[in-house]
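Novice: Provided herewith is a single structure, encoded as structure tokens, for subsequent inquiry.
The values are calculated or read from the model by the stated rules, or taken from the named source; none is laboratory data. Here the structure is a predicted model, which means the values were calculated and not measured. Cβ: placed from backbone, ideal geometry, glycine included. Neighbour counts: every protein chain shown. These area figures cover heavy atoms from the full protein model, side chains too; ligands, DNA and RNA do not enter into them. Shrake-Rupley method; radii C 1.70, N 1.55, O 1.52, S 1.80 Å.
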Amino acid sequence: MGLSASKRVEKSLQNSGDFNSACDSAFSHCLSLTQHAFEGVFPYQLKTASDFIHANTTHPLIRKWVHAPPDRSAVDAAVPLNSSDTLPLPLFRKWAHRLYTNVVLSAASKALMLRLPVGVVGIVGIGAVTRPPPQWVASFVGAYSLGVGLSIFLALSP
């Protein structure tokens with residue numbers, strides 16, 4: 001799947017029958033809200049669709065990294081620029097894949113930004129108390145940083 005975290009997440013979502021089924025159900029749900037008067041989903045319905053997808057998918061990446069439905073700003077950021085009209089099913093699926101890829105990556109980067117400084121401070125603190133050679137402390141910090149980054153990267157594939 002390549003080394004890019006975003007490509008790993010996006011491919012995982014695209015190849016997931018569960019996620020695509022949730023997208024199809026959300027699309028149908030939004031069409032039913034407009035009584036099937038239109039052939040696509042309006043941009044104002046996308047927050048509802050996002051909530052519906054979040055509630056109805058059991059994809060491991062979404063269950064692990066996305067604990068609440070995406071907020072309105074994330075939903076709007078994933079909308080294609082030229083979509084002033086309705087989104088037909090293929091564009092709707094692209095939107096959902098883009099949205100949840102961005103949300104999963106955002107949550108993973110937040111986890112990295114939280115875990116890394118806390119661990120480094122702990123290692124440096126222990127180093128200050130035990131007074132090992134500075135090279136050892138630097139090696140431990142580097143190994144810890146690499147381990148945390150790698151563990152989060154590997155957690156981005158189900």
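Novice: Condition test on Val124, is it open to solvent by 60 Å² or more (accessible area, probe 1.4 Å) and out of contact with any helix residue (DSSP H, G or I) (no Cβ under 9 Å at 6 or more places or on another chain)?
Specialist: No; evaluated as a whole, the condition is false for this residue.
Novice: In the stretch 52-111, which residue that is free of Cβ contacts under 8 Å to residues at least 40 places away in the same chain and in contact with a strand residue (DSSP E or B) (Cβ under 9 Å, 6 or more places away or on another chain) is most open to solvent (accessible area, probe 1.4 Å)?
Specialist: Looking at residues that are free of Cβ contacts under 8 Å to residues at least 40 places away in the same chain and in contact with a strand residue (DSSP E or B) (Cβ under 9 Å, 6 or more places away or on another chain), I get Lys94.
Novice: Is it fair to say Leu114 is within 30 Å of Ser145 (Cβ to Cβ) and either touching an Asp or Glu at 6+ places or on another chain (Cβ under 8 Å) or buried (at least 16 other Cβ atoms within 10 Å of the Cβ) (or both)?
Specialist: no
Novice: Under the condition of being closer than 27 Å to Ser157 by Cα and touching a Leu at 6+ places or on another chain (Cβ under 8 Å), which residue from the stretch 21-45 is surrounded by the fewest Cβ atoms within 10 Å (Cβ to Cβ)?
Specialist: Asp24
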